[in-house]
1. Of the DSSP beta bridges with both residues in the chain, give the percent that are antiparallel, rounding to the nearest 5.
2. Which whole-number percent gives the relative contact order of the stretch 149-207, counting Cα pairs below 8 Å spaced six or more residues apart?
3. PRE reach from residue 154 (point 7 Å along Cα→Cβ): which of the stretch 204-219 fall under 14 Å by backbone N?
4. Under a Cβ-only charge scheme (Lys and Arg +1, Asp and Glu -1), can you give me the dipole magnitude of the stretch 79-211 about the Cα centre, in debye to the nearest 20?
5. When each pair of different Cα atoms in the stretch 2-243 is counted once in the 1/r mean, what is the Kirkwood radius in angstroms, to one decimal?
6. About its Cα centre, what dipole magnitude does the chain give when the only charges are +1 on Lys and Arg Cβ and -1 on Asp and Glu Cβ, stated in debye to the nearest 20?
7. Once Lys and Arg get +1 and Asp and Glu get -1 on their Cβ, which of 171, 130, 216 lies farthest toward the positive end of the dipole of the stretch 118-255?
8. Rounded to a whole number, what % of the accessible area of the chain do carbon and sulfur atoms account for, probe 1.4 Å?
Amino acid sequence: MVRYCSLGSGSRGNATLVADGDQALLIDCGFSRKNVLQRVLESECPVEQLQGVLVTHEHSDHAKGVQSLCEALDIPFYCSHGTARKMQWQSHELWRCITAEEAITVAGIQVMPVVVPHDALEPLQFVLRSRADRVLGVLSDLGSLTPHVLSHYRQCHGLQVEANHDPFMLQNGPYPPSLRARVAGQYGHLSNQQCAELIRASLWSGLQSVSAGHISEKNNDEQLVRQMLAQVLSCQPEEVQLLSQDEVSPWQQLN
Ligand SMILES: [Zn+2]
Ligand SMILES: [Zn+2]
């Protein structure tokens, strides 16, 4: 049975744990080794079960603790050539090069890397398929919903997606104009509206669980995310699952 939990989500660090049977993988490690190991402990997933770390891109809120963690546990990390180049990992013995559209298997889980529009060298996001054919789509750090992205994230049983900002709060918030333009741009981050649009496009009878993360602390408000997603999910605002920066989320299981 595949299950997953967020060890933390937001601009100060991201990591998602995915486990199938007695094997697990991590998507991103944007926390220090010490911090992420504490969070793994809190999740109650035995750290020995970790088989590898998938890295979406080089931004420090995703990649900061990858090398240190993997060296300590002696497990491989997987990322694109562009990400490895930026991180100077090309000659690291634990690096495994992955390529968009070429599935790999880590911890018994089939991983499909998907190209996304984001201001990194070669960013990838991941669609995971468990042994029992349950599909989890993990998607953050992208500025726009391309037809390519939408086609890959259809028919997921679980979705963990980015709801980064409210456009009005961003435009009237504390960020300088250049950073504002970056976040709102085609290669920035998904707004609440874009998040809702992705979910709407991905609705189908098999969808069991949706959670929203990478929520900006300065340019968003949890109530706005809840209201926006409750509409598209036809649920109450308080039922919308949001990921937090500081808390390890409950496990979600895909049946
Ligand atoms: Zn990020
Ligand atoms: Zn990023």
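1. DSSP beta bridges in the chain are roughly 55 percent antiparallel.
2. Value for the stretch 149-207: 57 percent.
3. 204-206
4. Here the size comes out at about 100 debye.
5. 17.9
6. Roughly 340 debye for the chain.
7. The residue sitting farthest along the positive end of the dipole is 130.
8. Of the solvent-accessible surface of the chain, carbon and sulfur hold 47 percent.
The values are calculated or read from the model by the stated rules, or taken from the named source; none is laboratory data. Just so you know, these numbers come straight off a predicted model, no measurement behind them. Don't worry about glycine lacking a Cβ; one is built from the backbone with ideal geometry, like all the others, and counts go over all protein chains shown. For accessibility, only protein heavy atoms count, side chains too; no ligands or nucleic acids. Shrake-Rupley method; radii C 1.70, N 1.55, O 1.52, S 1.80 Å.
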